[in-house]
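The values are calculated or read from the model by the stated rules, or taken from the named source; none is laboratory data. Nothing here was measured: the structure is a model prediction, and the numbers come from that model. Note: ideal-geometry Cβ built from the backbone for every residue, glycine included; neighbour counts use all protein chains shown.
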Amino acid sequence: MQQAPHNGIKVGISSCLLGDKVRYDGGHKQSRYCQNVLDKYFDFQKFCPEMAIGLGTPRKTIRLIKDEERIRLVASDESFDITDEMEKYAQETSATLGNLSGYILCAKSPTCGMERVTLYIAGTNNGTKDGVGMFAAQIMKDHPLLPVEEEGRLNDTLLRDNFVTRVFAYHQWQCLVESGISMAKMISFHAQHKYLLMAHNPALYYKLGPMLGGNSDKSVQEIADEYIALFMEVLATLPTRKSHSNTLAHLQGYFKRHLNSDQRVDLASNIDKYRQGLLPLMAPLTLINHYLVLYPDPYLVQQVYLHPHPDELKLRYSH
Ligand code: SF4
């Protein structure tokens with residue numbers, strides 16, 4: 001049975017999430033899940049942009065301010081403005097991060113926040129939640145395919161599963177590109193991800209196959225660029241119980257010839273109970289993996305859907 005490989009998966013992370021005392025108050029925002037669990041599977045590359053541009057700790061708090069011309073990063077009492085320094089650091093650092101397969105950010109920070117950061121209106125103490133941390137915004141702009149998530153959102157088991165799944169899939173694509181992209185490799189990659197894609201977004205999944213159909217004047221590189229953009233968009237869609245159940249029903253079909261009637265009823269019942277929310281996803285998947293050991297199928301055994309990430313992470317036990 002194939003397990004997701006996890007050697008050398010580089011993932012960026014806000015330093016304070018790994019317990020570094022780099023926050024404005026000299027504290028940290030340690031995430032035990034990142035530090036004690038994900039750390040075993042990811043090679044974390046940590047960054048604290050505020051420390052990197054020379055702000056010490058403890059330091060004055062900073063905020064994003066929107067004036068008529070631009071968004072600026074300034075001290076909350078407006079005693080200094082670090083917009084230019086942060087933009088320069090963000091641009092230069094982001095340009096070196098093409099080898100990352102994911103990024104975990106600290107929420108709400110005017111530097112690292114992924115979304116809903118307070119954006120103040122110049123000259124007031126009023127703001128909206130429309131802001132994005134200045135460093136985070138640069139990373140997401142320069143690396144639109146990169147799976148990015150905020151640490152707090154990883155407490156949601158669905159979002160956590162989705163983020164880790166995307167990191168592993170993106171890493172696999174990066175390895176493929178590094179080894180030299182070809183149509184044959186893309187077709188094989190697509191075949192391995194068939195049921196994973198189907199579970200995430202069946203409608204978009206059906207648009208991916210024709211891209212590799214060979215009826216195009218585009219270069220291999222152009223096809224690869226378009227393919228991976230849509231591929232990552234598909235995986236960014238959260239799968240539902242319905243889409244998982246439909247995918248499981250497809251997998252069930254592979255064993256029709258082999259299973260006796262009791263086994264068929266049992267598998268169908270497991271899928272149905274999962275569909276109703278009475279069992280976690282791991283229940284029907286365990287049965288399918290069990291039958292795959294008994295009745296190996298070369299097409300099914302390569303399916304990333306059955307092991308999108310290491311089983312030890314237990315990401316499919318609680319939803
Ligand atoms: S949120 Fe970002 S800038 Fe702020 S302390 Fe953490 S790593 Fe540093």
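Couple of notes before you dig in:
- Flag for Ala203 being among the hydrophobic types (A, V, I, L, M, F, W, C), exposed (fewer than 11 other Cβ atoms within 10 Å of the Cβ) and not in a loop (DSSP other than H, G, I, E, B): yes
- Scope the range 128-140; condition under 30 Å from Val220 (Cα atoms) and loosely packed, with under 15 Cβ neighbours inside 10 Å; matching residues: none
- Residues of the range 141-176 that turn out to be surrounded by fewer than 20 Cβ atoms within 10 Å (Cβ to Cβ) and assigned to a loop (DSSP other than H, G, I, E, B), as a count: 4
- Selection count, the range 162-206, where residues are more than 28 Å from Asp217 (Cβ to Cβ), out of contact with any Asp or Glu (no Cβ under 6 Å at 6 or more places or on another chain) and aromatic (Phe, Trp, Tyr): 2
- Members of the range 145-179 that are in contact with a helix residue (DSSP H, G or I) (Cβ under 8 Å, 6 or more places away or on another chain) and closer than 16 Å to Gly113 by Cα: Leu146, Pro147, Val148, Glu149, Glu151, Arg153, Leu154
- Residues in the range 99-140 that are part of a strand (DSSP E or B), away from the ligand (no atom under 15 Å from the Cβ), more than 20 Å from the chain's Cα centre (by Cα) and of a type outside the set (Val, Ile, Thr): Leu119, Tyr120, Gly127, Lys129, Asp130.
- Residue under evaluation Val234, criteria (1) without any contact (Cβ under 8 Å) to a residue 24 or more places away in the chain; (2) touching a Leu at 6+ places or on another chain (Cβ under 6 Å); (3) of a type in the set (A, V, I, L, M), criterion not met: (1)
- Failed condition for Asp67, given (1) modelled with pLDDT of 95 or more; (2) more than 12 Å from the ligand (Cβ to nearest atom): (1)
- Filtering the range 270-297 to residues that are within 15 Å of Asn246 (Cα to Cα) and among the aromatic types (Phe, Trp, Tyr) leaves only Tyr274.
- One residue alone among Gly253, Gly209, Gly214 is of a type outside the set (D, E, K, R) and surrounded by 13 or more Cβ atoms within 10 Å (Cβ to Cβ), and that residue is Gly209.
- Restricting the range 89-98 to residues that are hydroxyl-bearing (Ser, Thr, Tyr) and either free of Cβ contacts under 8 Å to residues at least 40 places away in the same chain or buried (at least 18 other Cβ atoms within 10 Å of the Cβ) (or both), the residue that is nearest to the ligand (Cβ to nearest atom): Tyr89
- When the criteria are applied in full, Glu222 meets the requirement of being in the same structural domain as His200 (by TED's automatic domain parsing) and loosely packed, with under 13 Cβ neighbours inside 10 Å.
- Within the range 9-57, the residues that satisfy the criterion of being within 12 Å of the ligand (Cβ to nearest atom) and β-branched (Val, Ile, Thr) are Ile13, Val22, Ile53, Thr57.
- Annotation: of all residues in the range 23-34 being closer than 14 Å to Thr61 by Cβ, in contact (Cβ under 8 Å) with a residue 12 or more places away in the chain and not aromatic (Phe, Trp, Tyr), the one that is surrounded by the most Cβ atoms within 10 Å (Cβ to Cβ) is Arg23.
- Residue pairs whose Cβ atoms lie under 7 Å apart, sitting 6 or more positions apart in sequence or on different chains, and linking a residue in the range 195-208 that is modelled with pLDDT of 95 or more to a partner that is not in a helix (DSSP H, G or I), are Tyr195/Gln303; Leu196/Pro308; Ala199/Pro239; His200/Thr237; His200/Pro239; Asn201/Thr237.
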